[in-house]
């Protein structure tokens with residue numbers, strides 16, 4: 001299991017080309033998560049935040065939030081939630097646009 005520990009009050013940011021990010025071990029119950037897509041001209045991205053308390057079990061992941069963002073040159077979608085889940089990960093579902101890149105960020109607070 002590849003994971004990143006996100007201590008309460010410390011932000012993480014992960015660039016994703018496709019698929020699923022490394023697992024984020026969250027210490028804190030208030031989460032603020034964002035999907036930023038950047039490129040040239042029209043850009044779009046969709047993705048999910050998945051959460052689990054047992055990340056080594058394949059079927060233990062549930063969709064906590066869905067992102068859908070579009071804009072010109074950049075767009076961002078942000079979700080804030082209070083959650084008792086210990087782990088999360090971001091799954092990039094689609095990304096379109098010239099030179100488009102996606103960045104997932106997560107910050108937590110106890």
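Read-outs: derived from the displayed coordinates by stated rules, not from any lab. On a predicted model such as this, the values are computed, not experimentally measured, just so you know. Every residue, glycine among them, receives a Cβ derived from its backbone with ideal geometry; neighbour counts consider all protein chains shown.
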Give me the number: length gained by fully extending residue 44 to residue 25, i.e. 0.36 nm times residue separation minus the C-alpha to C-alpha distance, one decimal in nm. 4.1 nm
Pairs of Cα atoms under 8 Å, at least six residues apart: use those to get the relative contact order of region 41-110, whole percent. 43
Would you list 37, 63, 79, 43 from fewest to most Cβ contacts within 10 Å? 63, 79, 43, 37
